[in-house]
Amino acid sequence: MNELAFHVEQDGVWLVATCHDPEMATQAQSLDELVPMIRDLVSCRFDPGDKRLQWPIRVHFVNDPVLVPVA
């Protein structure tokens, strides 16, 4: 299935969403702000009628676990 996959990482106070195929990125300070920013980015990135405008958008949150050393 075709989809646009955005990886979201925390960078200080910013949430940064990056898609690698095709390359595009946006940022916001909250998830409520990020979702419309991603939708706007996608709608501006492709010409009207481009089939990718109909693809689902997957938002993947990248969280690295922190392991505490075992004493």
**Message:** Taking the conditions exactly as written (outside any helix (DSSP H, G or I), open to solvent by less than 100 Å² (accessible area, probe 1.4 Å) and out of contact with any helix residue (DSSP H, G or I) (no Cβ under 7 Å at 6 or more places or on another chain)), does ASN63 satisfy them or not?
**Reply:** no
**Request:** Determine if region 51-70 includes at least one residue that is at positive phi and either out of contact with any Cys (no Cβ under 7 Å at 6 or more places or on another chain) or not aromatic (Phe, Trp, Tyr) (or both).
**Result:** no
**Message:** I'd like the full set of residues that are more than 15 Å from PHE61 (Cβ to Cβ) and open to solvent by 40 Å² or more (accessible area, probe 1.4 Å), limited to region 1-24.
**Reply:** MET1, ASN2, GLU3, GLY12, VAL13, HIS20, ASP21, GLU23
**Asked** If you scan region 52-71, which residues turn out to be free of Cβ contacts under 8 Å to residues at least 40 places away in the same chain and among the charged types (D, E, K, R)?
**Response** ASP64
**Complete:** Sole miss for LYS51 among (1) in contact with a strand residue (DSSP E or B) (Cβ under 9 Å, 6 or more places away or on another chain); (2) surrounded by fewer than 12 Cβ atoms within 10 Å (Cβ to Cβ) is condition (1)
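The values are calculated or read from the model by the stated rules, or taken from the named source; none is laboratory data. Small disclaimer: the values here were computed from a predicted structure and weren't measured. Heads up, the Cβs are rebuilt from the backbone with ideal geometry, glycines too, and the neighbour counts pull from every protein chain shown. Heads up: the accessible areas ignore ligands, DNA and RNA and are worked out on the full protein's heavy atoms, side chains in. Shrake-Rupley method; radii C 1.70, N 1.55, O 1.52, S 1.80 Å.
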